[in-house]
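**Student:** The structure follows.
Bear in mind that the values in this text are calculations on the coordinates, not laboratory data. Please read all numbers here as calculations on a predicted model, not as lab measurements. With ideal geometry, Cβ positions are generated from the backbone for all residues, glycine too; neighbour counts draw on all protein chains shown.
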Amino acid sequence: MGGSGFLGSHVIRQLVERGDTVRVWLRPSSSAAALEGLDTEVVRGGLSDGAALRAAMKGVDAVHYCIVDTRAWLRDPTPLFATNVEALRGVLDAAIEAQVPRFVFCSTVGTIGIVDSGLADEQTPHEWRHLGGPYIETRIQAEDLVLEAARERGLPAVVLNVGTTYGPRDLAPTPHGKLVRSASRGKMAAYVRGAAMEAVGIEDAARAFLLAEERGRVGERYIVSERYLPIRELFEIAADEGGVAPPKVGLTIPVMKVIGAVGTAWSKVARRDTVVTLTSVRLMHLQSALDHGKATRELGWEPGPTEDAVRAGVRWFNNRH
């Protein structure tokens, strides 16, 4: 589910390569471009159609759930709650009624807590939801729904807390993919000092889903992220692979906060969404570096260097256009 997206399509690709028969759930409006050339059964329907969901899940060995609205900058968070929380409730009900043997849920590193020093992990309490805005709130609520279904309703669910994904076949492209593409072509004017994110190669992230299906413990969370990557280093890698100069100008976090405040105010006055807001600026530098050791120990997940994935993504972008 969510097979038209960047991560979901890579999960499907690896399932097909493993030899699985794959049924893909797509909403009526979703593009199937990411599935081109893959031998899959495509089923279309709305997430509110419980009967269709139950029918699609009938007889499957596992459900890989990768549906998420990531638009953290929306002025009106209603779509975020509708997709990330309310639609998920119906999917979980259908999965429980269909008695699916395994439910692998795509969550985010944004539901992991923050530490003052060292690395945070799956046990770190989350104490910053008031700073993360509606998107982080919906992701926390979604993860809670899945874990509650595992704990109290018998759903054999495993949660993967996935970092920012980079690599080839980013068709849309994703917002972070656009940044990599721009940096690789010398079109990124500046970077943000102190901005960083937990990052992982897209193919490594997809492989974690297959491993979680086979080895994940029910009701457990697993961090699926290779490293804490400063945005400056990300742009330098992309620029190097593209053969151009990286951005030299570094904007400080205080400057970005001013820009975010202006963006938030403009969005309200103009009644239009803008990507740079006070919340999105906070999310650039708020989180801690993470420890993915649990995924390595229990799932056997061994990610490659994120740098290699970024370079592969640059080559894919620049060979395509």
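**Student:** With 32 Å as the limit, write out which pairs from 187/257; 178/268; 178/257; 257/294 have Cα-Cα distances beyond it, or answer none.
**Tutor:** On the way: 187/257 23 Å; 178/268 25 Å; 178/257 22 Å; 257/294 35 Å.
Where the Cα-Cα span goes over 32 Å, the pairs concerned are 257/294.
**Student:** Any idea what the alpha-carbon Rg over 2.2 N^0.38 Å comes to for the chain?
**Tutor:** For the chain, the normalised Cα radius of gyration comes out at 0.98.
**Student:** How far, in degrees from 0 to 90, does helix 175-184 lean away from the longest principal axis of the Cα atoms of the chain, to the nearest 10?
**Tutor:** 40 degrees
**Student:** Considering only DSSP beta bridges with both partners in the chain, what is the antiparallel share in %, to the nearest 5?
**Tutor:** Details: 4 of 28 bridges.
Of all bridge pairs located within the chain, approximately 15 percent are antiparallel.
**Student:** Projecting each Cα onto the charge dipole of the range 72-212 (Lys/Arg +1, Asp/Glu -1 at the beta carbon, about the Cα centre), which of 182, 138, 125 comes out farthest on the positive side?
**Tutor:** Final value for the positive-end residue is 182.
**Student:** Take the Cα of residue 43, step 7 Å along the line toward its Cβ, and report every residue of the range 11-27 whose backbone nitrogen sits under 15 Å from that point.
**Tutor:** Only 21-27 fall inside the zone, counting backbone N under 15 Å.
**Student:** For the chain, give the magnitude of the charge dipole about the Cα centre (Cβ charges: +1 Lys/Arg, -1 Asp/Glu; no others), in debye to the nearest 20. Kindly include the intermediate steps, with their values, before the conclusion.
**Tutor:** Values: 38 positive and 39 negative charges, 239 e Å.
With Lys and Arg at +1 and Asp and Glu at -1, about 1140 debye.
**Student:** Say the dipole of the chain comes from +1 at the beta carbon of Lys and Arg and -1 at that of Asp and Glu; which of 11, 192, 300 then lies farthest toward its positive end?
**Tutor:** 192
**Student:** While we're looking at this one, here's another question. Could you tell me the calculated FRET efficiency between residue 114 and residue 74, based on Cβ-Cβ distance and R0 = 35 angstrom, to the nearest 0.05? Numbers along the way, then the final one.
**Tutor:** On the way: r = 24 Å, r/R0 = 0.68.
About 0.90, to the nearest 0.05.
**Student:** Any chance you could run the full-extension gain for residue 93 through residue 52? It's 0.36 nm times the residue separation minus the Cα-Cα distance, nm to one decimal. Numbers along the way, then the final one.
**Tutor:** Details: separation 41, 0.36 × 41 = 14.76 nm, distance 1.23 nm.
Full-extension gain reported as 13.5 nm.
**Student:** Follow-up. Treat each spin label as a single point 7 Å out from the Cα along the C-beta direction, and report the residue 32 to residue 297 distance in nm.
**Tutor:** 4.4 nm
**Student:** Roughly how tilted is helix 202-215, in degrees to the nearest 10 and between 0 and 90, from the longest Cα axis of the chain?
**Tutor:** 30 degrees
**Student:** At 0.36 nm per residue, minus the direct Cα-Cα distance, what do residue 258 and residue 270 gain on full extension? Give it in nm, one decimal, please. List each step's numbers first, then the result.
**Tutor:** Numbers: separation 12, 0.36 × 12 = 4.32 nm, distance 1.80 nm.
Full extension from residue 258 to residue 270 adds 2.5 nm.
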